[in-house]
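Beneath this line is the structure, given in structure tokens, with notes to follow.
The values are calculated or read from the model by the stated rules, or taken from the named source; none is laboratory data. Just so we're clear, the structure is a prediction, and the values are computed from it rather than from any experiment. So basically every Cβ, Gly included, is an ideal-geometry build from the backbone, and we count neighbours across all protein chains shown. When the accessible area is computed, the model is the full protein with side chains, heavy atoms only, and any ligands, DNA or RNA have been set aside. Shrake-Rupley method; radii C 1.70, N 1.55, O 1.52, S 1.80 Å.
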Amino acid sequence: MKKKHRDNGYSITACVYRIFLIMRRRHHLFHFLYAFSCCLLLLFLTFSLFSSPPPVTNHHYLMSKKAVTANSIPDTTTAFRVPENEESKGHDIWSSRLSKFYYGCSNASSSFQTADVKTHHNRYLMIATSGGLNQQRTGITDAVVAAYILNATLVVPMLDQKSFWKDTSDFSEIFNVDWFISFLSKDVKIVKRLPMKLGKIVTPYYMRVPRKCTPKCYQNRVLPVFSKKHAIQLGKFDYRLSNRLDMDLQKLRCRVNYHALKFTDSILDMGKKLVERMRMKSNHFIALHLRFEADMLAFSGCYYGGGEKERIELSVIRKRWSTLHQKNPDKERRQGRCLLTPEEVGLMLRALGFGRDIHIYVASGEVYGGEETLKPLKALFPNLHSKETLASQEELAPFSLFSSRMAALDFIVCDESDVFVANNNGNMARILAGRRRYFGHKPTIKPNAKKLYKLFLNRNNMTWEEFASKVRTHQIGFMGEPNEVKPGRGEFHENPSSCICEDSKAMAGGDSTPHNDMHEVQVENNKRNVADEILTVDDHDQDLTTMDYVENGIGTQGKEDLYKSSLTKTDQPELDEWFSD
């Protein structure tokens, strides 16, 4: 009995010992498995660091980090993927099929009085333009019309040399002054300088007129002064003529803007070289007026995703304008008043059917954020060019110290491009849009920022095909097609409807008809006046003034006071118009 009890004791002890051995082995196995898992994790992290980088995203816009470009690595979890190189099918993206039905028409009617009949021999009008190149261009155009209304001889306009840009160029250094005088000789008498009286130049009487002054306004305010003074100078002459003018005066505007204002031969020759060099790279090219610059972003009041650094930097710039009120960035973006980021511009163009191999000329100053900001656009369109990359420093030397001359070179390339994209609604964008309508309705794309905003925000929740289809839908009416905008809507220099006529023969024999979304055609003999400047807000008018670029008396500390002494309370809204080129 005792022996049996002893055997049971041994067996229990043996079992306990075996369990101990098993547990010990499993403990070592656990450590082994743990160490093996750590090695695998380290290998995975090392592979991730040295593999291809993730898709580039725009760090200036707070969006999902799943943005996909043509260089992305295949990812089955991401629905939104930009095709490598897919061009539009079914229609010509480089021209309008309706453009052949319309042409620019600016000849005077038989009832339009000529200069030799109506000009008073002892009545001289001078104007001082304001702002940069394109803002001054609008002032020059309107000055000719004002001189015609007042039956006065126009003295060649003085250009703004005191603004932020500090460009010392005079009229003859930017425009062909002899051509300007001779081309308009039948419309308005123009002289280069005031006449001499008793051995001295006549001293002009200085005055100003309200914004968007009508012909009756000029006759009531300025004409009586001519009875006492032989020479009058109208200061700060920008946007001083109404949109509401009769047909002949509107056509005179077009003759000045589209025919009389020619750049000097040196500017034209350099501009021609830039265009030729773009043509050597590709049969077609896009010109992009990007305008993603610090002053522009600060004035917009929008947030572009650059974090605290962006907020501080743009806030400092924004303080230069004491009259600017605080804006709600989200509200501004919802209302379409914010610039598209370079990446968004690229996505829009790819969605419209422009392939990755397209060459783009970028007309812009210094981009905020530099090359880092441009990376997403370059990933979508690697072939980006500018006047600085197309021409040598020696070639640009005669122009590089003068902002208006450099702007003129950009103007020429943008005008000659097959497609022009305006990422804002400033003066250069408006003038080029009107000019391209007048000379054949060449495609001019203006982003429908109000509609595209939500699309960009939610793009990672849809496929590329869905995204591209919605972009094309939202951009209907924003592609520079004939009659996209009702006659009289918007600013006349952008929509010169009085100077656009139907080609009745082409209409009769044409095989294309206007889209259903097109507005009713205005024919040449339609004599109704252009609508007044009081506009109904729609997608086309969403950012009529707030996207203009600062040009006048602002920039660095101290310069904002340049014109303070001459501004009145009624002039303060003109701050919006300082944003142009």
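Considering only residues of segment 183-211 that are charged (D, E, K, R) and either touching a residue at least 24 places away in the same chain (Cβ under 8 Å) or part of a loop (DSSP other than H, G, I, E, B) (or both), which is nearest to Gly235 (Cα to Cα)? Among those that are charged (D, E, K, R) and either touching a residue at least 24 places away in the same chain (Cβ under 8 Å) or part of a loop (DSSP other than H, G, I, E, B) (or both), it is Arg208.
Condition check ((1) outside any loop (DSSP other than H, G, I, E, B); (2) assigned by the TED database to the domain that holds Glu344; (3) buried (at least 16 other Cβ atoms within 10 Å of the Cβ)) across all residues:
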| site | (1), (2), (3) |
| --- | --- |
| Gln233 | yes, no, yes |
| Ser242 | no, no, yes |
| Leu249 | yes, no, yes |
| Asn283 | no, yes, no |
| Ala287 | yes, yes, yes |
| Ile312 | yes, no, no |
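Test Gly477 against the stated conditions and say whether it is surrounded by 18 or more Cβ atoms within 10 Å (Cβ to Cβ), in contact (Cβ under 8 Å) with a residue 40 or more places away in the chain and not in a helix (DSSP H, G or I). Against the criterion (surrounded by 18 or more Cβ atoms within 10 Å (Cβ to Cβ), in contact (Cβ under 8 Å) with a residue 40 or more places away in the chain and not in a helix (DSSP H, G or I)), Gly477 qualifies. Counting only residues that are under 24 Å from the mean Cα position of the chain (by Cα) and either open to solvent by less than 30 Å² (accessible area, probe 1.4 Å) or aliphatic (A, V, I, L, M) (or both), segment 117-174 holds 19 of them. Across segment 433-442, the qualifying residues are those that are open to solvent by less than 20 Å² (accessible area, probe 1.4 Å) and touching a Phe, Trp or Tyr at 6+ places or on another chain (Cβ under 7 Å), and the one among them that is nearest to Gly353 (Cα to Cα) is His441. When Gly365 is tested against (1) small (Gly, Ala, Ser); (2) closer than 30 Å to Arg81 by Cβ; (3) in the same structural domain as Leu452 (by the TED database); (4) open to solvent by 10 Å² or more (accessible area, probe 1.4 Å), exactly one condition is not met: (2).
Inspect segment 195-209 for any residue being open to solvent by 40 Å² or more (accessible area, probe 1.4 Å), within 22 Å of Val256 (Cβ to Cβ) and of a type in the set (D, E, K, R) and give the result as yes or no. Yes: one or more hits. None of Cys213, Cys217 is farther than 28 Å from Leu390 by Cα and open to solvent by less than 10 Å² (accessible area, probe 1.4 Å) except Cys213.
The residue that is farthest from Ile360 (Cα to Cα), among those in segment 318-339 that are open to solvent by less than 50 Å² (accessible area, probe 1.4 Å) and out of contact with any Gly (no Cβ under 9 Å at 6 or more places or on another chain), is Trp321.
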